[in-house]
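Shown next, in C-alpha cells, is the structure this report addresses.
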C-alpha cells in the first residue's frame, strides 16, 4: 500500500471560521428560525480551488451507463441527469487526492473513483427513495430492517445470482412496499460483483463496509418510530447519527478499494476508533446545517420530522432553534479540534503506540490520513450541491474579522 497523501495545511489557521447565513425566513412548526452561525474551519479542512469538472462529467456519464446497463427499465431524464452530475461533483471532494490526480492516466485510479462514486450514489438514492414515501402507510422498522438486512447479505457475498436475491422474503417485501427501492437493489447486487471481481474482495475484507452500509439504514429507526421522537433519548440519537448519516460506509469503502485490511488490534485502538467516529460525525453534522433549508421545506410539505439533529434537539429538549443550532455547532467544533489534536499527538509521539510494531504503526497513520483526506473538503463538497444549497450564503473569515474574499457559489 502506498502512503496516503497528507492533507494540505493551507487552511490550517486555527482561528479560521466558516460563516454561514440564510437570508430567507425559514419556519419549523409555525415558528420562524434564523439559520446563521460560524463553524470552526481548521486542519484537516481545506478549500479546493481547482476541481476537475471534466472528470466529474465523465463519472456522471459512466454512472448513467451503469444504471441503464444493469436495468434497462431505468429512465434517466434531464432532471435525474442533473442530479447525477451534482452528486458526481460532490463525490470528488471526499475522494483521495491521489485517485483524482491519477484518474486520467491510470485506469485503476479511475475505476476506484468510479466505484466510490457508485457508493455515494447508492447511499444517496436509497436514502432519497425511502425518506418520505413509505412512512405514513407502512411500519418504518419493518421496511428499514428489511433493506438493511438484504444489503448486508448482498455485500457479504452470500448470494450467487439475481434469482437468489429475488427469492428472498426481504426483496419481495421491499419491492411491494417501495418498487423504486427494489429496482435499486439490482444496482447493489451488480456493485457487489464489481467489488468481488475487480478488487478481489471477499467476505472478510468487506465485512466492515457491509456492516456500515447496513447500519446506515437500520440505525435510523433504532429506539422508536420517527413520528414519536420522544422515544429516542439524546445520547442514543447522537450515537446513531454517526452510523446512520451515510458517511461511515464511504469511509470503509476507501479501505476496501485500496486493498487495506485493518488489523483488529488497530480497529480496537481507542484513539484510532475515536478518529474514525469523528470522521463520520463531522460531515453528518455539517450536513444537518447545510441541508436544513431543504429539510424544513420538506417538513412544511409532508409534516414529517426530518432526520436532522437540530430539529431533533428542539423537539426532544424542548429548546429554541438558536440553542439547538449552537449546540450542534459546538459539537462540531469540539470534534474537529479533537481529531486534529489526536492526529498530531501521535504523529509527534508514535512511541505512545507501543503495542503496535512498525508495520502496524504505518497502517495506523496511513488510514488516519485517509480519514483526514475524507474530512478535508467535505464541507465544501456539501455547500456546492444544488440539492442542498438554495439561499445559504457563506464565507471563510478569521476571528480577528479580517475576512477572506467571499467565496462565490459555483
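When the residues of segment 100-111 are narrowed to those that are touching a residue at least 12 places away in the same chain (Cβ under 8 Å) and outside any helix (DSSP H, G or I), which ends up farthest from residue 179 (Cα to Cα)? Per the criteria, the residue is 104. Among the residues of segment 84-99, which ones are in a helix (DSSP H, G or I) and under 12 Å from the mean Cα position of the chain (by Cα)? Selection gives 87, 90, 91.
Taking first residues from segment 145-171 that are in the same structural domain as residue 205 (by TED's automatic domain parsing) and partners that are assigned to a loop (DSSP other than H, G, I, E, B), the Cβ contacts under 6 Å between residues at least 6 apart in sequence or on separate chains come to 155/206; 156/203; 157/203; 165/159. Out of 362, 347, 338, one residue alone is under 16 Å from residue 278 (Cα atoms), in a helix (DSSP H, G or I), in the same structural domain as residue 39 (by TED's automatic domain parsing) and modelled with pLDDT of 90 or more. It is 338. Against the list (1) under 29 Å from residue 270 (Cβ atoms); (2) within 20 Å of the chain's Cα centre (by Cα), the condition residue 295 fails is (1).
Filter segment 335-350 for residues that are surrounded by 12 or more Cβ atoms within 10 Å (Cβ to Cβ) and either within 11 Å of residue 39 (Cα to Cα) or free of Cβ contacts under 8 Å to residues at least 40 places away in the same chain (or both) and give the result. Selection gives 336, 345, 347, 350.
Residues in segment 368-409 that are closer than 14 Å to residue 291 by Cα and out of contact with any helix residue (DSSP H, G or I) (no Cβ under 7 Å at 6 or more places or on another chain) were compared, and the one that is modelled with the highest pLDDT is 380. Could you look through segment 191-201, keep only residues that are free of Cβ contacts under 8 Å to residues at least 60 places away in the same chain and in a helix (DSSP H, G or I), and pick out the one that is farthest from residue 249 (Cα to Cα)? Taking the candidates together, the pick is 197. Select from segment 42-78 the residues that are farther than 19 Å from residue 96 by Cα and free of Cβ contacts under 8 Å to residues at least 12 places away in the same chain and write down the one among them that is farthest from the chain's Cα centre (by Cα). Selected residue: 72.
Of all residues in segment 245-272, those that are in contact (Cβ under 8 Å) with a residue 60 or more places away in the chain, outside any helix (DSSP H, G or I) and more than 21 Å from residue 284 (Cα to Cα) total 6.
The values are calculated or read from the model by the stated rules, or taken from the named source; none is laboratory data. None of the values given here were measured: they were computed from a predicted structure. Heads up, the Cβs are rebuilt from the backbone with ideal geometry, glycines too, and the neighbour counts pull from every protein chain shown.
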